[in-house]
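For reference, the structure is listed below as C-alpha cells.
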Amino acid sequence: MPPEHNVTSQDFADHRHLRYAGPIIDAHAHVTRTRSADSKDDAEWSIAQAETMLAVAEEYGVVQTYSMCPPEDIPALRQRFGDRLRFNGPISKKAIDEPDDAAYRLLDRFLEQGVDVIKFWSAPRGRERGLFVDAPWRIEAARRACAAGVRVVMVHVSDPDAWFRKVYTDVAKFGVKADQYVGLCRMLEMFPELTWIAAHMGGDPEHADHLEELLERYPHLYYDMSATKWQVREVSAHREAVRALIVRKPERFLFGSDLVTRDGLPREHYHSRYWSHRTLWESAWEGRSPIADPDYTPEPGGPATPPLLGLHLPDNVLNAVYHGNALRVLPGATTRPV
Ligand SMILES: [Zn+2]
C-alpha cells in the first residue's frame, strides 16, 4: 500500500515547475506540540513535529506561519520559533451545555498569549454542539476580542459539496449548504470594523460566483486558500472559474496550507501538502494529485486520485496571495522573521 501522502510516487524534490521565488506566509495551519495519542504524560509533549514541519515549509519558501493551537502550547513554540510562528486562537465550547464562561475564559487565555487572530470553527458537523458562527457567546467573544485589540477573525463555515451529498444528508440537522452562510453574513454585518477571513476558499471553491458575490457585498471579507485535498480536487475541477475570480480580486485571497502537526507523521507528509498547493496555484502542471482523497470518486478503472490542474496564476497575483495580502491584513506579518 502506498502512503496516503503519496499514492502516485511523486518526486516531491522535483520543483522544476514551481516558478515563484519570493517569500510565502501561511495564514492557516495547526502547528502544535504533539505526543503519542495514548500518552497522558505532560513531560512527553514535544515540538519535534513542529520542527520538521517548519523545516519543510522553509524548503517551499514559507517564512511565516499563523498557527491554531491550544493556548498552553504557545509559550514553548514561541520560544523556539520566534516570529516564524504567529498565533490564532480558536474559540469553542466542548459541549452544548458547557457554560458560555468557558469560552470567555479560553478567549482570555489566548489574549494573554497575544494572539493576532481568533477563529470560530463552525462546520455543519458542529451544529449539534451549538457551534454556530453567530451563537450569542461567539458574538460576545468577538466583542471582547475586538475591545482587547484583536482585529482579525477567521471562520470556518460550510464544507465540501461532496459532504452535503454524502454526509450531511439529514437536512433538518445540518441544513443545506446555503444555510451555512446566513450566520456568517450576520456577523459580517454586525462587525464591519473587523477583518474576516473565511477559511478554505470560504468553504465554497465549487461556486466561484457565490464567492465573488460575497466579496462584492463585504469589503472586509477575505478567503484563505487552505485545505489541500479539497482545493486540489475542486479548484482543478473548476479551474477557469476559480482562476478568473482570483485574477479579478487578487487582493482578497491568502495562501494557507491547513497542515496539522501530528505525532509520527513522516517528513514527506508535509512535503505533499506544500508541493501540491504550490503546484496548484503557480504552475501549469497537469497530472494526478499525489494525495489519497476519500471524497474523490474514481472513474471505473481510472486513476485513484483526482486531477491536479495548475492555475498558473500571474506573477502579480502570486505576490499578493503568497505574502502581500498577509502583510496588509495580518498583524505581525513579516517576510523577514527573526
Ligand atoms: Zn484548519
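What follows draws every value from the coordinates through simple rules; no lab data is involved. Remember, it's a predicted structure, so these values are computed and weren't measured experimentally. Positions of Cβ are generated from backbone atoms using ideal geometry, with glycine treated the same way; all protein chains shown enter the neighbour counts.
Computed values, structure above
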{"read-out": "Inverse of mean 1/r across different Cα pairs in region 43-177, Kirkwood, Å", "value": "16.6 Å"}
{"read-out": "Viscosity 1.567 mPa s, 4 °C: Kirkwood-radius Stokes-Einstein D of region 172-249 over Cα pairs, µm²/s", "value": "98 µm²/s"}
{"read-out": "Computed P(r) (all Cα pairs; region 95-166; 10 Å bins; percent)", "value": "19, 48, 25, 8, 0"}
{"read-out": "Whole-angstrom gap from region 166-245 to region 1-40, using each part's C-alpha centre", "value": "24 Å"}
{"read-out": "Dipole of region 17-156, positive end: most advanced residue of 126, 37, 110 [Cβ charges, Cα centre]", "value": "126"}
{"read-out": "Förster radius 35 Å - calculated FRET efficiency between residue 237 and residue 186, Cβ distance, rounded to 0.05", "value": "0.70"}
{"read-out": "Unit charges at the beta carbon, dipole of the chain: most positive-side option, 304, 52, 228", "value": "52"}
{"read-out": "Cβ charges +1 (Lys, Arg) and -1 (Asp, Glu), total dipole of region 129-250, debye", "value": "340 debye"}
{"read-out": "Links that overshoot a 21 Å alpha carbon limit, given the list 93/177; 166/229; 94/173; 119/166; 166/249", "value": "93/177; 119/166; 166/249"}
{"read-out": "Charge dipole magnitude, Cβ of K and R +1, D and E -1 - the chain, Cα centre, debye nearest 20", "value": "400 debye"}
{"read-out": "Unit charges on C-beta of K, R, D, E only; dipole of region 1-88, Debye", "value": "320 debye"}
{"read-out": "Amide H contacts of residue 64 (H built 1.01 Å from N, under 5 Å, at least 5 apart or other chain)", "value": "24, 26"}
{"read-out": "Top of 15, 30, 312 by mean-square fluctuation, Gaussian network on the chain, Cα under 10 Å", "value": "15"}
{"read-out": "Rg over Rh, two decimals, region 231-283 (C-alpha only, Kirkwood Rh)", "value": "1.05"}
{"read-out": "Scaled radius of gyration (Cα, divided by 2.2 N^0.38 Å) that the chain gives", "value": "0.95"}
